[in-house]
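Contents: one structure, followed by commentary.
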Amino acid sequence: MLIRKPGDIRPSEITDRAIYLNRRQFIQRAAALLAAGVPGWQGADAAVPGRIALPAIRKSAYSTNEPLNSFKDITGYINFYEFGTDKYSPARLAKSLRTRPWTVKVSGEVKRPKTFDVDELIKLAPLEERIYRLRCVEAWSMVIPWVGYPLAELIRRVEPTGNAKYVEFTTLHDPAQMPGQRAFFGSLDWPYVEGLRMDEAMHPLAILGFGLYGEVLPNQNGAPVRMVVPWKYGFKSAKSIVSIRLVEKEPVNSWQKANPHEYGFYSNVNPTVDHPRWSQATERRIGEFFKRKTLMFNGYADQVAHLYSGMDLRKYY
Ligand SMILES: Nc1nc2c(c(=O)[nH]1)N[C@H]1C(S)=C(S)[C@@H](COP(=O)(O)O)O[C@H]1N2
Ligand SMILES: [Mo]
């Protein structure tokens, strides 16, 4: 992964205000949708241009109150290797990704395996707004208002067997639609695979994301459904997921496979364990000039540190 400085990216109050539905407008729109008996997401057809509001009417105690990054930053400065290895190609190249019809196969060590249509999946549990910090392994960060619900809601419904120890996530593999998957070199083995230990996957902070800034996910942010795991480096949160498999053995995630010396399975944000090629002690919040100190577990230590008690986090990086 290369580090590029997004010189043209600055937080813009005006853009944010214009784009983000303010709280009142947001609730009004959601209420109108519900009253009409028309779930907002039924309009979420990739064929419909423009932006579609989600009825994400619940706030969450897990949200940070730090200032949000702008819609422009969040949707413009992106890692999504299926659409190129630089930060700016995904916004351009992911436009044509077809996100309907879309299914997510939930299988493996479960009593009730099922292939969900994404429009069914989005209605499985109440949507919440989760304002999370994102810390990329490349030492930049953002604050993003995701919309989604805990992955645990889905996992509970498929009834894990006693052998389910890990959860494996797989991104769409479609070289015809994803130019990065046609790249000759300098890329990953496809499809993109990520994984979590079962207790991590069941943690209420780990969410399935369907939207951001109150609207359906832009394609470059992992439409139509992705993971968001805020205490881990960004690459743990797989985008555009087509398969969720409960398994007995620890999955080999794509970045670990590509470079096991630099990327491990756990990948918890940890300012005391440096990347072999750079420090993880500080980060640059996109839009800010001065560096910030990186926080243990990205600031979520109170919620997640217990998951790793007794583990050597230098060994399990
Ligand atoms: N399928 C897939 N998922 C992915 C990536 C990717 O290249 N492919 N990049 C990861 C990385 S490194 C980061 S930092 C985040 C960035 O996107 P976001 O800002 O939408 O979370 O997506 C993660 N998920
Ligand atoms: Mo990242």
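Quick rundown of the values:
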read-out: Among residues of the stretch 182-202, those that are away from ligand 1 (no atom under 12 Å from the Cβ) and buried (at least 21 other Cβ atoms within 10 Å of the Cβ), counted; value: 4
read-out: Out of Val252, Val242, Val247, Val225, sole residue that is closer than 26 Å to Thr161 by Cα and within 11 Å of the chain's Cα centre (by Cα); value: Val225
read-out: Pairs where the first residue, in the stretch 103-130, is free of Cβ contacts under 8 Å to residues at least 40 places away in the same chain and within 21 Å of Ala164 (Cβ to Cβ) and the second is of a type in the set (Lys, Arg) and surrounded by 15 or more Cβ atoms within 10 Å (Cβ to Cβ), C-beta under 9 Å, 6+ apart; value: Thr115/Lys105; Phe116/Lys105
read-out: Residue among Pro101, Pro179, Pro150 that is within 13 Å of ligand 1 (Cβ to nearest atom) and either within 30 Å of Ala258 (Cα to Cα) or over 17 Å from the mean Cα position of the chain (by Cα) (or both); value: Pro179
read-out: Per-region count, the stretch 203-213, residues in contact with a strand residue (DSSP E or B) (Cβ under 7 Å, 6 or more places away or on another chain) and assigned to a loop (DSSP other than H, G, I, E, B); value: 3
read-out: Boolean, Val269 is within 16 Å of ligand 2 (Cβ to nearest atom), buried (at least 23 other Cβ atoms within 10 Å of the Cβ), more than 15 Å from Asp199 (Cα to Cα) and of a type in the set (Val, Ile, Thr); value: yes
read-out: Tabulated pairs, the stretch 241-258, first without any contact (Cβ under 8 Å) to a residue 60 or more places away in the chain and more than 11 Å from Phe169 (Cβ to Cβ), second within 16 Å of ligand 2 (Cβ to nearest atom) and among the hydroxyl-bearing types (Ser, Thr, Tyr), C-beta under 8 angstrom, 6+ apart or interchain; value: Gln256/Tyr263
read-out: In the stretch 67-77, residue farthest from Ser141 (Cα to Cα) [restricted to those that are hydrophobic (A, V, I, L, M, F, W, C) and outside any loop (DSSP other than H, G, I, E, B)]; value: Phe71
read-out: Helices (runs of 4 or more DSSP H) completely within the stretch 78-196 that count 1 or more residues being among the acidic types (Asp, Glu) and at pLDDT 95 or above; value: 118-121, 151-158
read-out: Selection count, the stretch 214-241, where residues are away from ligand 2 (no atom under 16 Å from the Cβ), in contact with a strand residue (DSSP E or B) (Cβ under 6 Å, 6 or more places away or on another chain) and hydrophobic (A, V, I, L, M, F, W, C); value: 3
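The values are calculated or read from the model by the stated rules, or taken from the named source; none is laboratory data. Remember, it's a predicted structure, so these values are computed and weren't measured experimentally. All Cβ positions, glycine included, derive from the backbone under ideal geometry; neighbour counts span all protein chains shown.
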